[in-house]
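Student: Got a structure for you, questions after.
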Amino acid sequence: MTVNGRLYQREVEPRLLLSDFLRHHLRLTGTHVGCEHGVCGACTVLVDGLAVRACLLFAVQMAGRDVRTIEGVAQPDGTFHPIQEAMRERHSFQCGFCTPGFVMTSLEFLRDNPEPTDAEIREAMSGNLCRCTGYASILAGVKLAAEKLRDGAGA
C-alpha cells in the first residue's frame with residue numbers, strides 16, 4: 001500500500017486492523033483509536049480519497065490502495081493545510097483527540113462540496129464525536145476552511 005505518498009510492503013497477520021498497522025507498524029500515531037467500533041470517527045483516514053474508519057478495515061485490504069493519514073495533510077515543511085489552519089483559527093478543538101478524524105472527514109467533504117451550508121456541514125461531521133466542544137467552533141472551522149479552499153489557499 002501507499003501511505004502518505006510512500007510505498008510500504010509488509011507481511012502482516014490477516015486480522016491486523018488498519019488502525020493498528022498505521023500506529024504500531026508505521027508509527028503514524030495521529031490516527032487515533034477511540035471506540036474501536038467505527039462510531040467515534042477518531043481513526044478516520046482517506047483510502048483512495050474516501051474517508052473511512054481505519055478501525056473497521058484490515059491492513060491486508062489496503063493492498064494496492066492509497067492511504068492518507070493526518071500526517072500526510074500538512075506540507076512537508078510543516079505548513080498547515082487550509083483546513084488545519086482554519087480549524088486552528090476558529091479554535092475548533094480543545095484536547096485534540098478527535099481532531100485528526102474531523103480534519104480527514106473535512107478533506108473529502110470539502111473536496112466534493114466546496115460551498116456547503118451549515119446543515120450540510122453538520123450532516124457531514126455527524127459521524128465524528130467530540131467530547132470537549134459544543135461543535136459550534138468545529139462548524140466555524142469547516143466553514144472557514146471552505147472559504148480558504150475556494151479562495152485558492154491550496155489543497
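Student: GNM on the chain, C-alpha springs below 10 Å: top fluctuator among A63, A145, A86?
Tutor: Among A63, A145, A86, the largest GNM mean-square fluctuation belongs to A63.
Student: Mind telling me which of I70, I83, I121 comes out most flexible in a GNM of the chain, alpha-carbon contacts under 10 Å?
Tutor: I121
Student: What is the log10 of I(q)/I(0) for the stretch 45-121, computed with the Debye formula using one identical point scatterer on each Cα and no solvent, at q = 0.16 Å⁻¹?
Tutor: Result of the Debye calculation: -0.66.
Student: Compare the Cα positions of S92, A124, L149 along the charge dipole of the stretch 82-150 (+1 at Cβ of Lys, Arg; -1 at Cβ of Asp, Glu; about the Cα centre) and return the one farthest towards the positive end.
Tutor: S92
Student: Given charges of +1 on the Cβ of Lys and Arg and -1 on the Cβ of Asp and Glu, with all other atoms neutral, how large is the dipole of the stretch 1-130 about its Cα centre, in debye to the nearest 20?
Tutor: Its charge dipole is roughly 400 debye.
Student: Run the numbers on the chain and let me know its relative contact order in percent, using alpha-carbon pairs under 8 Å that are six or more apart.
Tutor: Across the chain, relative contact order equals 26 percent.
Student: Another one. Report, in debye and to the nearest 20, how large the dipole of the stretch 82-150 comes out about its Cα centre when Lys and Arg carry +1 and Asp and Glu carry -1 on their Cβ.
Tutor: The dipole of the stretch 82-150 has a size of about 240 debye.
Student: Computed over the Cα atoms, what is the radius of gyration of the stretch 82-150 divided by 2.2 N^0.38 Å, N being its residue count?
Tutor: Dividing the Cα radius of gyration by 2.2 N^0.38 Å gives 0.95.
Student: Determine the gain in length on full extension of the stretch R6-C132; use 0.36 nm per residue of separation and subtract their C-alpha separation, reporting nm with one decimal.
Tutor: Contour length minus Cα-Cα distance gives 42.0 nm.
Student: On to the next question. Order the peptides 41-50, 130-139, 25-34 from the highest to the lowest mean number of other Cβ atoms within 10 Å of their residues.
Tutor: The peptides rank, most packed first, as 41-50, 25-34, 130-139.
Student: What angle, in degrees between 0 and 90 and rounded to the nearest 10, separates the Cα long axis of helix 136-150 from the longest principal axis of the Cα atoms of the chain?
Tutor: So the inclination is approximately 90 degrees.
Student: Taking Cα atoms, how many degrees apart are the long axis of helix 99-112 and the longest axis of the chain, rounded to 10 and kept between 0 and 90?
Tutor: 70
None of the figures in this text is laboratory data; all of them are computed from the coordinates on show. Quick caveat: nothing in here was measured; it's all calculated off a predicted structure. Glycine also receives a Cβ, built like all others from the backbone with ideal geometry; neighbour counts cover every protein chain displayed.
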